[in-house]
Amino acid sequence: MRSLLKFLNRILPTPLKSLLTKTLGAALFYFGYKPKQFHNTLPLRKLLNTSFFDYYFYKTRRLNSEELNNKFWKEWGAKYLASFNQTPIPEYYLKEIENLIETKNVKTVFELGCGFLRHLEHLANKYPHLELYGVDITPEIVDHAKALNNPHIKVFVDDVRNIEKYRDILKKAGLIFSYGIFAYLNPVDLEKVCGIIQKHFRGYVVYNDASQKRDLSELIKSIKLSSQSYIHPYPKIFKKYGLEEISSGYSPDKESFNFIGKQHKKNRC
Ligand SMILES: C[S@@+](CC[C@H](N)C(=O)[O-])C[C@H]1O[C@@H](n2cnc3c(N)ncnc32)[C@H](O)[C@@H]1O
């Protein structure tokens, strides 16, 4: 059964997989399967190898965005990240980051929503001269930082909405990058975070959101996907907060949306 699912997962096109998993989820929901805790969905997530169960879990639990921050990440974030961390870092994303580090004389890097440090660990190994910082709301990131025991990586357990506290890091960072966290912020909070970045940071930004399937540049407003996740019109929001776009668009596999920009000194508010 497991190898049949793996095989199907490999050969089926993404839209069909998404339709099938949604139908299966709807059927499970209809017959009363309502996981009480996120990690109860992990065996199914593993079997189907799909992010659908994130969506399914949120939908059935109907968390609002405050609950998401105060409950989900703090209580179950570690379980979520344990499975998330098994996915390899997308190559095109890493390439953009490495290209900026190598060509723009970047010395300090700040990752927003660093999770279990898969990016920071890679960068620390490849570029031992970098000063690396990460912030994330899931408390267990600290255990991962301790296990790595790398003096060049420093992490903070905090909500990205409190980023003003880290203005000294923002001021000296040459690159900020982030993978898949802004979708969890509501539009007001996202703009607040972008405003703080504009105030203190001048350098390069690489942002990716793994869950996007639409051409965001055509969207005018944020779209609420579920009780706590959004598709945001990133190019428009980033531009409003002074980021000059270098490039943006779908990833080569069309699974996610990628944005690269620069915050100029003259754009600081
Ligand atoms: C999809 S995971 C991505 C993790 C990491 N960027 C990676 O690629 O491995 C989303 C991450 O965003 C973090 N997160 C969600 N909301 C956050 C918030 N308000 N402040 C800080 N981190 C947040 C979660 O704890 C989680 O680690």
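The values are calculated or read from the model by the stated rules, or taken from the named source; none is laboratory data. These numbers were taken from a predicted model, which means no experiment stands behind them. Positions of Cβ are backbone-derived with ideal geometry, glycine not excepted, and every protein chain shown enters the neighbour counts. Each accessible area value is taken on the protein alone, full model and side chains, heavy atoms only, with ligands, DNA and RNA left out. Shrake-Rupley method; radii C 1.70, N 1.55, O 1.52, S 1.80 Å.
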Query raised in the report: How many of the residues in segment 146-168 are over 17 Å from the mean Cα position of the chain (by Cα) and buried (at least 21 other Cβ atoms within 10 Å of the Cβ)?
Result: 1
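Taking the stated definitions as given, is D143 within 18 Å of the chain's Cα centre (by Cα) and either touching a residue at least 60 places away in the same chain (Cβ under 8 Å) or within 15 Å of the ligand (Cβ to nearest atom) (or both)?
Judged against the criteria, D143 is not a match.
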Query raised in the report: Going through segment 119-140 one residue at a time, which ones are part of a helix (DSSP H, G or I), within 11 Å of the ligand (Cβ to nearest atom) and open to solvent by less than 30 Å² (accessible area, probe 1.4 Å)?
Result: H119, L120
**Report entry** Leading residue by the ranking (nearest to the ligand (Cβ to nearest atom)) among those in segment 166-185 that are of a type in the set (K, R) and touching a helix residue (DSSP H, G or I) at 6+ places or on another chain (Cβ under 7 Å)
**Finding:** R167
Requested in this report: Could you check how many residues of segment 94-113 are free of Cβ contacts under 8 Å to residues at least 24 places away in the same chain and not in a helix (DSSP H, G or I)?
Outcome: 0
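Filter segment 230-260 down to the residues that are in a strand (DSSP E or B) and of a type in the set (F, W, Y), then identify the one that is surrounded by the fewest Cβ atoms within 10 Å (Cβ to Cβ).
Going residue by residue through segment 230-260, those that are in a strand (DSSP E or B) are 230-231, 243-250, 257-260.
Now restrict to residues that are of a type in the set (F, W, Y): 230, 250, 257, 259.
Values: Y230: 21, Y250: 15, F257: 25, F259: 24.
Within segment 230-260, the match that is surrounded by the fewest Cβ atoms within 10 Å (Cβ to Cβ) is Y250.
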Report summary line: Given (1) modelled with pLDDT of 65 or more; (2) over 23 Å from V142 (Cβ atoms); (3) open to solvent by 80 Å² or more (accessible area, probe 1.4 Å); (4) not assigned by TED's automatic domain parsing to the domain that holds G134, P43 misses just (1)
**Report entry** Residue match in segment 98-108 (condition: surrounded by 20 or more Cβ atoms within 10 Å (Cβ to Cβ) and within 15 Å of the ligand (Cβ to nearest atom))
**Finding:** no
